[in-house]
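Written below as C-alpha cells is the structure these notes are about.
What follows draws every value from the coordinates through simple rules; no lab data is involved. Keep in mind that what you see is a predicted model, and the values were worked out from it rather than measured. Neighbour counts run over all protein chains shown; Cβ positions are idealised from the backbone, glycine included.
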Amino acid sequence: VEGTDRRLQNLDEGRILMATVSKDLRTAIRPAPGISPFVVADANHMELYGNLNPTPAPRLIELSISTNDELVEETTIAMPTAVAPYVYADYDADDTEVRLVGRYVNNDAADPLFTYYDSDSNELGPTPLTAGQRLAVRSIGISFSVKKDSGFARNPTVIRNRVRLPNVDYQEVQ
C-alpha cells in the first residue's frame with residue numbers, strides 16, 4: 001500500500017512539474033530578430049526569454065534543479081526603459097521572483113531533463129548548446145524522473161513530453 005501511495009505521489013508531483021515547465025517553454029520568444037530565445041540550453045539547466053505575464057519586454061526565465069532535488073523557476077523582469085537587447089539587472093528589489101515548482105526531481109547526466117530539437121526533429125547537442133545550436137531550437141523534449149525517498153526499492157516515475165515553441169518564428173504584422 002505504501003509503495004502504491006509513493007508512486008501516486010511521484011505521479012502527482014511529475015504532473016505539476018510537467019505542466020509548469022511546458023507552459024514556460026511555450027512562452028519562449030526571441031527578444032529581437034536573429035537572437036536566440038535561449039541564453040543557456042543545457043541538459044538540466046535552462047535560461048530563456050519568455051512572455052510570462054504582460055510586460056513591455058520578455059522576462060528572463062531560469063529553470064534549474066537545486067541541490068535538494070527541487071525544480072526552481074527564477075524570473076527576472078527587464079529594466080523598465082530597456083529596448084532590445086534588454087538589460088536584466090538588479091535595479092529594484094522586486095525585479096526577480098523565485099519559486100519552487102516541485103520536489104523529488106531525480107534527473108542526472110544519464111537522464112537529462114531537457115533535450116533540444118531543430119525544425120526537422122533532429123536532436124541538437126551535445127549540451128550545453130552553442131550559440132548557433134540555440135538559434136536552431138524549435139522544440140524541446142522534457143523528461144522528469146520523480147522519486148520520493150522511501151524504504152521501498154522502487155524505480156522513479158518518469159514523465160516525458162515534447163513541447164513545440166510556437167512563438168520563436170512569430171513575426172509581428174506591421
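Using θ = phi - 60° and the Karplus curve 6.51 cos²θ - 1.76 cosθ + 1.60, what whole-Hz ³J(HN,Hα) does each residue of the stretch 27-43 get, with Gly and Pro shown as x?
Using θ = phi - 60°, the values come out as 8, 4, 8, 6, x, 7, x, x, 9, 5, x, 10, 8, 9, 9, 10, 5 Hz.
At R0 = 45 Å, how high is the FRET efficiency between Asn53 and Asp149 if r is their beta carbon distance? Nearest 0.05 is fine. Working shown, then result.
Details: r = 35 Å, r/R0 = 0.77.
About 0.80, to the nearest 0.05.
Rounded to the nearest 20 debye, what is the charge dipole size of the chain about its Cα centre when +1 sits on each Lys and Arg Cβ and -1 on each Asp and Glu Cβ? Each step should come with its number before you reach the end.
Working: 17 positive and 25 negative charges, 134 e Å.
About 640 debye.
Please give the calculated 222 nm ellipticity per residue for the chain, where each DSSP H segment of at least 4 residues contributes -39500 (n - 2.57) and the sum is spread over every residue; nearest 500 deg cm²/dmol?
Numbers: 2 runs with 31 residues, N = 174.
Value at 222 nm, helices only, nearest 500: -6000 deg cm²/dmol.
With the Cα gyration tensor of the stretch 94-141 giving a ≥ b ≥ c as the square roots of its eigenvalues, does the rule (a/c under 1.5 for rounded; else a/b larger than b/c for prolate; else oblate) give rounded, prolate or oblate? Intermediate values should be presented prior to the final figure.
Working: a/c = 2.43, a/b = 1.46, b/c = 1.67.
Oblate, because a/c is 1.5 or more while a/b does not exceed b/c.
Taking amide H positions as placed in the peptide plane 1.01 Å from N, state which residues far from Tyr116 in sequence (5 or more) or on other chains have amide H under 5 Å from it.
Placed amide hydrogens put Leu124, Gly141 under 5 Å from Tyr116.
Mind jotting down the three principal axis lengths of the chain based on Cα atoms? Whole angstrom, largest first.
Dimensions of the chain along the principal axes of its Cα atoms: 59, 42, 26 Å.
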